[in-house]
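Scroll down for the structure; my scribbles are underneath it.
The values are calculated or read from the model by the stated rules, or taken from the named source; none is laboratory data. It should be emphasised that the depicted structure is a prediction, and the values quoted were computed from it without experimental measurement. A quick note on method: Cβ atoms are made from the backbone with ideal geometry, for glycine too, and the neighbour counts reach across all protein chains shown.
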Amino acid sequence: MNGETLSLVRPSEEHLNAIDDFRREMLETASRMDGCGPLRRVKSPEGFVEYCRAAERGEFPRADMVPATQFLFVREPDGVIVGMLQVRHRLNARLAACGGHIGYCVRPSERRKGYATAMLAAALPYCRALGIDPVLIFTANEASARVVRANGGVKTGDAADGDIPLERFEIRLG
C-alpha cells in the first residue's frame, strides 16, 4: 500500500471488467466471498451492479433481506478491485447471530498488503453516517480478527455459521 491511491466506491458500469476479473479470481481460488453480496451467483457483472443498486434501495426478492450498500475497494491508477465490502444498514436475526453489519474480503493475489485494514477503516465513516453504532462484525480467521482489532474492534463473544466457528466483534464509533 506504499503511496497507492485506493477508493471505496459503489459498483458501476465503469467497473464491469474489474468486477468480472475479481469474481473469476475468487471462484478459481475457491475463496469465501464474504462482503461480496450476490457476486458468486449473478450471471454477469451488469447483473451484479443492478442487484447492488436495488439492495441499497431495499428492493429484494426475499422479505428476510436487509438494505445494504456494496463497495469496491479500487486501486488507482490501474483500476484493479483489491477487495469488496458490504455494509448492512440494519440487522435481522441471522445477521445479528452470525453476519454482522459488515462483511469484506480481499482478492487472493492482493492479500497480506494491508488492504483489508484500510478498506474497513474507510467504511466506518459511512457506518457512522447511517447511525450504526456499535458496528457488529463476525470473523472466521485470525487474519480477519487482526483487521477488526486494528480498527478498534473488541471481541464480545463467539458464534458459528453452520459448522464455521466465528468470533464476534464490536467497533464503537461514538
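For Glu142, work out the one condition from (1) touching a Lys or Arg at 6+ places or on another chain (Cβ under 8 Å); (2) surrounded by fewer than 23 Cβ atoms within 10 Å (Cβ to Cβ); (3) modelled with pLDDT of 95 or more it doesn't fulfil.
Here Glu142 clears every test but (1).
Hey, Gly58 hits all of (1) in contact with a Lys or Arg (Cβ under 8 Å, 6 or more places away or on another chain); (2) at pLDDT below 95 but one; which does it fall short on?
With (1) in contact with a Lys or Arg (Cβ under 8 Å, 6 or more places away or on another chain); (2) at pLDDT below 95 applied to Gly58, the lone miss is (1).
Filtering segment 43-53 down to residues that are farther than 18 Å from Gly103 by Cα and of a type outside the set (Ser, Thr, Tyr), which residue is surrounded by the fewest Cβ atoms within 10 Å (Cβ to Cβ)?
Lys43
Residue by residue through segment 79-92, note down the ones that are of a type in the set (A, V, I, L, M, F, W, C) and either touching a Gly at 6+ places or on another chain (Cβ under 7 Å) or at pLDDT below 95 (or both). Spell out the reasoning first.
As a first pass, look at segment 79-92 and keep what is of a type in the set (A, V, I, L, M, F, W, C): 80-82, 84-85, 87, 91.
Within segment 79-92, Met84, Leu85 qualify.
Looking only at segment 146-174, how many residues end up being of a type in the set (Gly, Ala, Ser), surrounded by 14 or more Cβ atoms within 10 Å (Cβ to Cβ) and over 19 Å from Ala96 (Cβ atoms)?
Here is the first cut: in segment 146-174, the residues of a type in the set (Gly, Ala, Ser) are 150, 152-153, 157, 159-160, 162, 174.
After this cut, where a residue has to be surrounded by 14 or more Cβ atoms within 10 Å (Cβ to Cβ) as well, the list is 150, 152-153, 159.
Now narrow it down to the ones that are over 19 Å from Ala96 (Cβ atoms): 150, 152.
Qualifying residue count for the region: 2.
Of the residues that sit in segment 134-169 and are in contact with a Gly (Cβ under 7 Å, 6 or more places away or on another chain) and not aliphatic (A, V, I, L, M), which one is nearest to Val87 (Cα to Cα)?
The extreme case among them is Phe138.
So for segment 15-32 (the condition being touching a Leu at 6+ places or on another chain (Cβ under 7 Å), surrounded by 13 or more Cβ atoms within 10 Å (Cβ to Cβ) and under 14 Å from Phe73 (Cα atoms)), does at least one residue qualify?
Yes, the conditions are met somewhere in segment 15-32.
Only one residue in Glu110, Glu76, Glu167 is modelled with pLDDT under 95 and touching a strand residue (DSSP E or B) at 6+ places or on another chain (Cβ under 9 Å), so which one is that?
Glu76
All but one of (1) more than 13 Å from the chain's Cα centre (by Cα); (2) buried (at least 21 other Cβ atoms within 10 Å of the Cβ) hold for Met119, so report the exception by its number.
Result: Met119 fails condition (1) only.
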